[in-house]
1. Using the Karplus curve 6.51 cos²θ - 1.76 cosθ + 1.60 with θ = phi - 60°, what ³J(HN,Hα) values do you get for each residue of segment 7-21, in whole Hz, with x for Gly and Pro?
2. In whole percent, how big is the carbon plus sulfur part of the accessible area of the chain, probe 1.4 Å, protein atoms only?
3. Indicate, rounded to the nearest 5 percent, the antiparallel portion of the DSSP beta bridges found entirely in the chain.
4. Say each of residue 62 and residue 74 gets a label point 7 Å from the Cα, pointing the same way as Cα to Cβ; how far apart are those two points in nm?
5. Full extension from residue 81 to residue 116: what is 0.36 nm times the residue separation minus their Cα-Cα distance, to one decimal in nm?
6. In whole Å and largest first, what semi-axes does the C-alpha gyration tensor of the chain yield when each eigenvalue is scaled by 5 and square-rooted?
7. Taking θ = phi - 60°, what integer Hz values does the Karplus form 6.51 cos²θ - 1.76 cosθ + 1.60 yield along segment 69-83, in sequence order, with x for Gly and Pro?
8. Name the residues whose placed amide hydrogens come within less than 5 Å of the amide hydrogen of residue 113, ignoring near sequence neighbours (fewer than 5 apart) on the same chain.
Amino acid sequence: VQLVESGGGSVQAGDSLRLSCATSRRAQSSVAVGWFRQAPGKEREFVGGITWSGSRTCDADAEKERFIISRDYDQGTVYLQMNNLKPEDTATYFCAARETGHGCYRYSVEYETWGQGTLVIVSS
């Protein structure tokens with residue numbers, strides 16, 4: 001599986017962004033995908049995930065109301081819609097894939113493949 005994130009950028013507080021995680025076409029229907037973020041000087045943290053079937057998502061409790069994950073099998077892409085962004089959301093966002101299991105996975109060690117990350121900067 002190969003993953004490529006896109007959609008990051010610099011925005012103002014309160015704005016929205018949609019990040020994309022493009023998966024290789026062959027694997028698009030067989031991987032669980034998670035989103036993580038890492039701010040400078042901080043540990044990588046879970047943002048949200050989606051099962052391989054797309055039937056269930058799991059979210060970090062703190063972002064449950066603002067971040068929405070979805071997937072488009074035709075496009076081979078998983079999306080992270082981020083609304084009402086705050087300066088504390090500033091981080092590099094990564095997507096990750098896991099090729100086994102039917103669950104929604106919250107820990108970075110549960111994923112096998114990672115994208116290169118896309119930077120999100122939120123100004124107040």
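1. Listing the rounded values in order: x, x, x, 9, 9, 9, 4, x, 6, 10, 9, 10, 8, 10, 10 Hz.
2. Numbers: 2900 of 6300 Å².
The C+S portion of the solvent-accessible surface of the chain is 46 percent.
3. Values: 36 of 40 bridges.
Percentage antiparallel, nearest 5: 90.
4. Each label point lies 7 Å from its Cα, and together they span 3.7 nm.
5. Details: separation 35, 0.36 × 35 = 12.60 nm, distance 1.86 nm.
Result for the pair: 10.7 nm of gain on full extension.
6. Working: eigenvalues 103, 39, 35 Å².
After scaling each eigenvalue by five and taking roots: 23, 14, 13 Å.
7. 10, 8, 9, 10, 5, 4, 8, x, 9, 10, 10, 10, 8, 10, 10
8. Hits under the 5 Å cutoff: 97.
The values are calculated or read from the model by the stated rules, or taken from the named source; none is laboratory data. Quantities reported herein were computed from a predicted structural model and do not represent experimental measurements. Quick reminder, even Gly has a Cβ in these numbers, built from the backbone with ideal geometry, and neighbours come from all protein chains shown. When the accessible area is computed, the model is the full protein with side chains, heavy atoms only, and any ligands, DNA or RNA have been set aside. Shrake-Rupley method; radii C 1.70, N 1.55, O 1.52, S 1.80 Å.
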